[in-house]
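Heads up, the thing below is written out as structure tokens.
The values are calculated or read from the model by the stated rules, or taken from the named source; none is laboratory data. In this text, all values refer to a predicted model and were calculated from it rather than measured experimentally. As a convention, Cβ positions derive from the backbone with ideal geometry for all residues, glycine included, and neighbour counts pool all protein chains shown.
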Amino acid sequence: MLQKFFDERKRMVEHQLRARGIYDARVLAAFETTPRHLFMPPALRKLAYEDHPHPIGFGQTISQPYIVAYMIQALELTGAERVLEVGTGSGYQTALLSALALEVHSIELIPALADRAEQTLTDLGVNNVFIHIGDGSQGWLESVPYDAIIVSAAAPHVPKSLLEQLSDHGRMILPIGVSEFQELELWRREGDAYLQEVLLPVTFVRLRGKEGYE
């Protein structure tokens, strides 16, 4: 299962990630071993290792590999973190996070997507991921605090609930903007202060929920 598309994964890592500035060895290794094609509809699997987003149903997409790698690298994961992922989607990013963190809590608004992702992760033997169904814009209180939060949909503003669920020195990365194009932002918590850094322009689907787009 993991050998299929092995050469395509290696080319993706070399030409789409490493050549464009993704340098974290752990991130590169996770991309090389995680089978993106298994998280895509069967008809699209031959396109899995191209650097493009693809539809996965319900108006949602699987993000392009470079953007996923860029966002994960920005979180500076060491393997000891508890991570919150907002927007499970296909489960591909979830699988990558599972290889890079101690524990991953992933929240998805659409039950059918959550169920499909959970099944794929189970089939791959991933056992440090907990998938929840709910309003990701408000986070997941049962497992706070989080050392890192990654949001896979664009919010009109930074959700206050997510900031408050960060641990001290925790990092959060998410797209912010009200138009078709947004800015990827990195937030860091230092005690009661939150530091913001704008990284690059991106295009994501909208974050639905009380602190997103209702």
- Query: Given the conditions (1) buried (at least 19 other Cβ atoms within 10 Å of the Cβ); (2) within 27 Å of residue 157 (Cβ to Cβ); (3) within 15 Å of the chain's Cα centre (by Cα); (4) not small (Gly, Ala, Ser), and given that residue 140 satisfies all but one, which numbered condition is not satisfied?
  - Reply: (3)
- Of the residues that make up region 96-110, is at least one out of contact with any His (no Cβ under 8 Å at 6 or more places or on another chain), modelled with pLDDT under 95 and within 20 Å of residue 71 (Cβ to Cβ)? no
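Results for (1) at pLDDT 95 or above; (2) of a type in the set (Lys, Arg), shown as yes or no for each residue.
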site	(1), (2)
16	yes, no
21	yes, no
24	yes, no
36	yes, yes
51	no, no
57	no, no
60	no, no
67	yes, no
- When you look at residue 72, is it touching a Pro at 6+ places or on another chain (Cβ under 8 Å), under 21 Å from residue 130 (Cα atoms) and crowded, with 21+ Cβ neighbours inside 10 Å, yes or no? no
- Message: Are there strands (runs of 3 or more DSSP E) fully within region 51-128 with at least 1 residues that are in contact (Cβ under 8 Å) with a residue 60 or more places away in the chain? List them.
- Response: 60-62, 82-86
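For (1) free of Cβ contacts under 8 Å to residues at least 40 places away in the same chain; (2) within 22 Å of residue 97 (Cα to Cα), each residue gets a yes or a no:
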residue	(1), (2)
188	yes, yes
201	yes, no
204	no, yes
207	no, yes
211	no, no
- Message: Residues that are farther than 18 Å from residue 195 by Cβ and surrounded by fewer than 15 Cβ atoms within 10 Å (Cβ to Cβ): does region 158-172 have at least one?
- Response: no
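With respect to residue 65, is the statement that it is farther than 22 Å from residue 53 by Cβ and either among the basic types (Lys, Arg) or crowded, with 20+ Cβ neighbours inside 10 Å (or both) true?
Details: farther than 22 Å from residue 53 by Cβ: no; either among the basic types (Lys, Arg) or crowded, with 20+ Cβ neighbours inside 10 Å (or both): yes.
Against the criterion (farther than 22 Å from residue 53 by Cβ and either among the basic types (Lys, Arg) or crowded, with 20+ Cβ neighbours inside 10 Å (or both)), residue 65 does not qualify.
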- Message: Suppose we filter region 86-128 for residues that are touching a helix residue (DSSP H, G or I) at 6+ places or on another chain (Cβ under 7 Å) and over 22 Å from residue 25 (Cβ atoms); how many remain?
- Response: 14
- Message: Taking the conditions exactly as written (surrounded by 18 or more Cβ atoms within 10 Å (Cβ to Cβ), aliphatic (A, V, I, L, M) and more than 30 Å from residue 112 (Cβ to Cβ)), does residue 27 satisfy them or not?
- Response: no
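Residue by residue through region 11-28, note down the ones that are hydrophobic (A, V, I, L, M, F, W, C) and either touching a residue at least 60 places away in the same chain (Cβ under 8 Å) or under 15 Å from residue 90 (Cα atoms) (or both).
27
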